Amino acid sequence: MSENSESKPYINFLQAESKHKGIFKWILSTDHKRIGIMYMTGMMAFLLVGITLGFLMKLEMLTPGKTIMDAQTYNAFFTLHGVIMIFLFIIPGLPAVFGNFMLPLQIGARDVAFPRLNLLSWWLYVVGGIFAIASLFLQGGPIDTGWTFYVPYSLRTGTNVSLPLFAAFILGFSSILTGINFVTTVHRLRAPGMTFFKMPLFVWAIYSTAWIQVIATPVVGITIILVIVERAFSLGIFDPALGGDPLLFQHLFWIYSHPAVYIMILPAMGAVSEIIPTFAKRTIFGYKAIAFSSLAIAFIGYFVWAHHMFTTGISDTSRFIFSLLTFLVAIPSGVKVFNWVATLYKGSITPGAPLLFVMMFIFLFSIGGLTGLVLGSLATNVHVHDTYFVVAHFHYVMFGGTVMIFFAALHYWLPKMFGRMYNEKVAKWSIALIFIGFNMLYFTMFILGYEGQPRRYWDYLPQFQTLQIISTVGSWILISGILLMFGNLHRSIKRGAKAEANPWGGKTLEWTIPSPPPVHNFDEIPVITHGPYNYGEEEAK
Amino acid sequence: MANEHSEKNHSVGYGTYVLIWLVLVGLTVTTVSISGINLGNIALAVALLIAAVKSAFVINIFMHIKFEEKIFKVFIAIALMTLLSVFVLTAFDVFFR
Ligand code: HEM
Ligand SMILES: [Cu+2]
């Protein structure tokens, strides 16, 4: 489809009027596209706060002993950094922004199944965010338990624990509602002819993720309530002094929080499966294998949680079982990586910024994934547990994995969302800075951890200083890259060159409508007759 | 979505609802009263069994799932199977510790 003709001026969803005025046009809008952008705005703000805290922590680690803050402040900082990054940024993550914006477009629908529920999800997200921030300024001071809220410390500390926990509870609700919405949308609103195996792989990924959101999140909700109640009334569920079981907390916490890492990574993998065919101009290799591996990862992901508890004194039987199950997750993950690489093989590749982010993702995520196996093995886990090795590992998978693809998706879908192009040259410079900075910052942490630097420590032994300095300088380079990238994106949204409907030559449905899309997406609901990535060559029949 | 069906769902009379409610109250009383008796190892199993029966009533009757389309039952079955697996895996820790 081409841009609309000049005769009737084309109104897109950004300009459209509604019965509300001013900011209410946005914050009361049930348009999935506006809700996606509102999530994006909120999450960007939290990301910048999180990055600032990370920057300050690294500055503290420049020298042994006190550099810029005292120990208690450091404790609060790593907790806030973790809570913000996890609950307010990466868990809503790609589904909240790109799932909301692209899912209906990619399946040929006019909106999600429950638009008002969708708006409620966003409002719950905002309320959760406000509670989390409010807790910093109330009596008792900012929470210092680490983002994992382990008992018994979280029951005993005098800092504000209940309010941020309640915030996490509300954010969980937001996530559950989004999940319900997306599952229903995929089942009910696919365009005629779009069978499950004609859906784009991003839709498959969002669908698998939505299931995890619905099934796993209630567990953490209940756990959080139990901690709050136990703090208030000394019930003795978790507190060993009262006859409770502290390991029960860890079980419950990780029964949610391990599947949650798949809430983070699966949608990112889905976006990778969109970007690679578009930039290699080839049909995705192994469509069904990728689709099923999403489901397999979502499924196995439920049954590995106790790999976070190998050193806590859980039974040997369960250590063995959970180690084995953990290794199984590597199989569907490997299936995906090999299929992506095979898609690139003999493709006609355009190395645009989204694809470069994807290449960076494959590199960083592989390092993160393989070091995950080091952590999943019982023997090596004992050595590196709770050291910087773990900190390096999860930054490689979450930051190097999910966040890099979040950045890739921002570049890939920016033209569709805002009708503007970003500056390719600046984008490439920012990618180079991010890549160098990231590896300096975090690869050093693998070595530090292996040599014995514990995580969540404010101080360190003098022999670690060289590596700590390299790491801190890396954080400066990384952050300059990120700021350059945001500057570029911001400028593009304001003043970038106009984007066509389909600047990359993508084949999925969102590229068949104008950029930015009209309010109701499709003038006429399309009828689907072929798979999502039909690039001419041999098509799977 | 399943609006066409919901019309005939009102075949469940108020009498049934009240009856089920009484059964639920009865089961709750049972749970509370037998918690005072020392049943040893099976105490947990008994408590879970009663809870399972109660939720079956709630899901089927109050939440109308008994009268809904198959897809909803499949969804609930998946969630229940997941929950069951999680229980079993946790038991590997608790009983072998
Ligand atoms: C410029 C960016 C970042 C920097 C400089 C940074 C730095 C750090 C540092 C220094 C720690 C504490 C290490 C310790 O003493 O234990 C930490 C912890 C953590 N980071 Fe980051 N980080 C950044 C980005 C991210 C991102 C993007 C995420 C997730 C999406 C993330 C998630 C976490 C989590 C979950 C923790 C653990 C908090 C805890 O121990 O409770 N970080 N980070
Ligand atoms: Cu895990």
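Values as computed for the structure displayed
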item	result
Some residue of the range A:308-323 being within 11 Å of another protein chain (Cβ to nearest Cβ), crowded, with 17+ Cβ neighbours inside 10 Å and charged (D, E, K, R)	yes
Test set (1) in contact (Cβ under 8 Å) with a residue 12 or more places away in the chain; (2) within 14 Å of chain B (Cβ to nearest Cβ); (3) more than 22 Å from A:His395 (Cβ to Cβ) - A:Tyr287 fails condition number	(2)
Residue under evaluation B:Val12, criteria (1) surrounded by 13 or more Cβ atoms within 10 Å (Cβ to Cβ); (2) part of a helix (DSSP H, G or I); (3) among the β-branched types (Val, Ile, Thr), criterion not met	(2)
Residue check, A:Ile225 surrounded by fewer than 24 Cβ atoms within 10 Å (Cβ to Cβ), out of contact with any strand residue (DSSP E or B) (no Cβ under 9 Å at 6 or more places or on another chain) and part of a helix (DSSP H, G or I)	yes
Candidate set from the range A:280-294 (those that are of a type in the set (Gly, Ala, Ser) and assigned to a helix (DSSP H, G or I)); member that is nearest to A:Gln106 (Cα to Cα)	A:Ala291
Residue check for A:Ile431: farther than 30 Å from A:Met309 by Cα, of a type in the set (Val, Ile, Thr), buried (at least 22 other Cβ atoms within 10 Å of the Cβ) and in contact with a Leu (Cβ under 8 Å, 6 or more places away or on another chain)	yes
Residues satisfying the stated conditions in the range A:172-189, i.e. surrounded by 16 or more Cβ atoms within 10 Å (Cβ to Cβ), within 14 Å of chain B (Cβ to nearest Cβ) and in a helix (DSSP H, G or I)	A:Ile176, A:Gly179, A:Ile180, A:Asn181, A:Phe182, A:Val183, A:Thr184, A:Thr185, A:Val186
Qualifying residue in the range A:331-352 (condition: away from every other protein chain (no Cβ under 12 Å), within 21 Å of the chain's Cα centre (by Cα) and among the charged types (D, E, K, R))	yes
Options A:Ile297, A:Ile314; residue that is within 16 Å of ligand 2 (Cβ to nearest atom), at pLDDT below 95, of a type in the set (A, V, I, L, M) and not in a helix (DSSP H, G or I)	A:Ile314
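Table: residues versus (1) buried (at least 24 other Cβ atoms within 10 Å of the Cβ); (2) of a type in the set (Gly, Ala, Ser).
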residue	(1), (2)
A:Ile86	no, no
A:Leu94	yes, no
A:Gly99	yes, yes
A:Leu103	yes, no
A:Pro115	no, no
A:Ser135	no, yes
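A quick yes/no check of all residues on (1) within 16 Å of ligand 1 (Cβ to nearest atom); (2) closer than 30 Å to A:Asn381 by Cβ; (3) in contact with an Asp or Glu (Cβ under 9 Å, 6 or more places away or on another chain); (4) not polar (S, T, N, Q):
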site: A:Leu235; (1), (2), (3), (4): no, no, no, yes
site: A:Ala241; (1), (2), (3), (4): no, yes, no, yes
site: A:Gly244; (1), (2), (3), (4): no, yes, yes, yes
site: A:Leu247; (1), (2), (3), (4): no, yes, yes, yes
site: A:Gln250; (1), (2), (3), (4): yes, yes, no, no
site: A:Ser293; (1), (2), (3), (4): no, yes, no, no
site: A:Phe303; (1), (2), (3), (4): no, yes, no, yes
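Here's the yes/no breakdown for (1) touching a Gly at 6+ places or on another chain (Cβ under 6 Å); (2) within 14 Å of another protein chain (Cβ to nearest Cβ); (3) over 25 Å from A:Gly400 (Cα atoms):
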| residue | (1), (2), (3) |
| --- | --- |
| A:Ala191 | yes, no, yes |
| A:Ile222 | no, yes, yes |
| A:Val227 | no, no, yes |
| A:Ser234 | no, no, yes |
| A:Ile255 | no, yes, no |
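Table: residues versus (1) surrounded by 22 or more Cβ atoms within 10 Å (Cβ to Cβ); (2) in a helix (DSSP H, G or I).
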position	(1), (2)
A:Gly221	no, yes
A:Ala232	no, yes
A:Gly236	no, no
A:Leu248	no, yes
A:Ile263	yes, yes
A:Ile275	yes, yes
A:Thr278	yes, yes
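The values are calculated or read from the model by the stated rules, or taken from the named source; none is laboratory data. All values reported here derive from a predicted model rather than from experimental measurement. When we count neighbours, we look across all protein chains shown, and the Cβ atoms used for this are built from the backbone with ideal geometry, even at glycine.
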